[in-house]
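Before any comments, here is the structure.
The values are calculated or read from the model by the stated rules, or taken from the named source; none is laboratory data. Fair warning: this is a prediction, and the values are worked out from it, not measured in the lab. Cβ coordinates were reconstructed from backbone atoms using ideal geometry, including for glycine residues, and neighbour counts include every protein chain displayed.
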Amino acid sequence: MISDSQRDVQTANLEGREAALRGHPVWLIWVVSFGVWAFVTLASVVSIYELYHSTGGSIRFLDLLGLESSEVLTYFPITPFAFAFAIRYPVQRVNWIRRSLLHLVGGLAFTIAHITLRGLTPYGYWDAQIRGWICPVWDSHAHAFRIQWHIFRQLFFRSVVDDTTGTYVAIVLIAHAVSYYRRFRERELRTSQLETQLAKAHLQTLKSQLQPHFLFNTLHSISALMLTDVPAADKMMTRLSDLLRMSLEDNQAQVTTLNRELEFVNGYLGIENIRFEDRLKTVIEVAPETLDAEVPHLLLQPLVENAVIHGISRLSSGGEIRITAERDGPNLNIRVRDNGPGLGSRDGPRSKVGLGLKATRERLETLFGIAQSFEVRTPVEGGVEACIRIPFRAHQAFRTNEIASKDSGARA
């Protein structure tokens, strides 16, 4: 019986091997094999040729090339099979004894395949009697095909140590290194994907916190008017339904345009204007080039709501909320300011961070990391100002339209 832990190990090994094989196309392995052994062959030919000339010896370059090709380049056709075998049967801590014996057999098979290929070349074996190279499968005297098994036996015992320990083991080590690297990269990719999924879930959770928070506060305002001004409360309900419709349309979106966000805030301010009447004044100063900038959905509404509840509602006279947006090089600066009592004043302490501001800060950190800043401060003139700095990015739909217009202009 196989335990659950052993089954998990086997499953992980199989997935790792399949991933490693998927990451390396068959043609690429053959090309690399040929390139490596061709390079080794040429390097060996040049080195031996120079050595002969430096010692006063003489040898024909083509003979030397044929000899080294017979001995070295014949590794090329069998290297991809050895590589695939090593990937398929990796040596691990739980099976190193069995797999070591298996690869010992693989090394012997590798040697047999190598000497077989060498035996098919004219430089397969040095015959001391005729002082020349012969082909072990060809009888030069009878000019007929004949396998000389005693020559293959001698080639096997001469080559088995070098082929097994010097070549086959090196191929196995390279295959293991490549396999481990591929699995390491796959693990990194899976970790990155998991982090992305967690970030999306975190953003969705924060956003889902903002929606009922805004809804409950608005319903509380409507409830307060029901006893004093029923028509105004009814009008607020109508505006709230329009606002909820807009919210549901963008329910799955984490990012929208600043223009769309301003439409949502205007809908919210329309509700608050019914409640405060002439006591609430709104000023919006937004640079035209920032309207298509990407901003998090429900970014402005919590800031404006915070200004209304903790700022304007504490004033007996008229209050003002000012929303500004401008581009500063690669950044987009957004400010929401009110002329309320300010932070830590006796009229209304605002030092406590509410749900809306906390969720907004966490969303900005999750979406933009260190490329953003969020600060709530008291200006010299009084009141409270929320300052946001995020990277300026044109919305995808705007970029698509811009590219299309440029293309049409170029065609014209």
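Per-structure values
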{"item": "The one condition in (1) touching an Asp or Glu at 6+ places or on another chain (Cβ under 7 Å); (2) at pLDDT 85 or above; (3) buried (at least 17 other Cβ atoms within 10 Å of the Cβ) that A293 fails to fulfil", "result": "(1)"}
{"item": "Within the stretch 392-407, considering residues that are closer than 23 Å to R260 by Cβ and charged (D, E, K, R), the one modelled with the highest pLDDT", "result": "R393"}
{"item": "Residue within the stretch 225-235 that is outside the structural domain of A82 (by TED's automatic domain parsing), modelled with pLDDT of 75 or more and basic (K, R) present", "result": "yes"}
{"item": "Selected residue [part of a helix (DSSP H, G or I) and under 25 Å from L62 (Cβ atoms)] from L173, L101, L117, L108", "result": "L117"}
{"item": "Flag for L206 being at pLDDT 70 or above and assigned to a helix (DSSP H, G or I)", "result": "no"}
{"item": "Subset of the stretch 92-111 (residues that are touching a residue at least 12 places away in the same chain (Cβ under 8 Å) and crowded, with 17+ Cβ neighbours inside 10 Å)", "result": "H103, G106, G107, F110, T111"}
{"item": "Candidate set: the stretch 155-177, residues that are β-branched (V, I, T) and exposed (fewer than 13 other Cβ atoms within 10 Å of the Cβ); chosen: the one nearest to H103 (Cα to Cα)", "result": "T165"}
{"item": "Residues that are within 57 Å of the chain's Cα centre (by Cα) and among the small types (G, A, S), drawn from the stretch 105-164", "result": "G106, G107, A109, A113, G119, G124, S159"}
{"item": "Residue in the stretch 76-93 that is modelled with pLDDT under 90, outside any helix (DSSP H, G or I) and hydrophobic (A, V, I, L, M, F, W, C) present", "result": "no"}
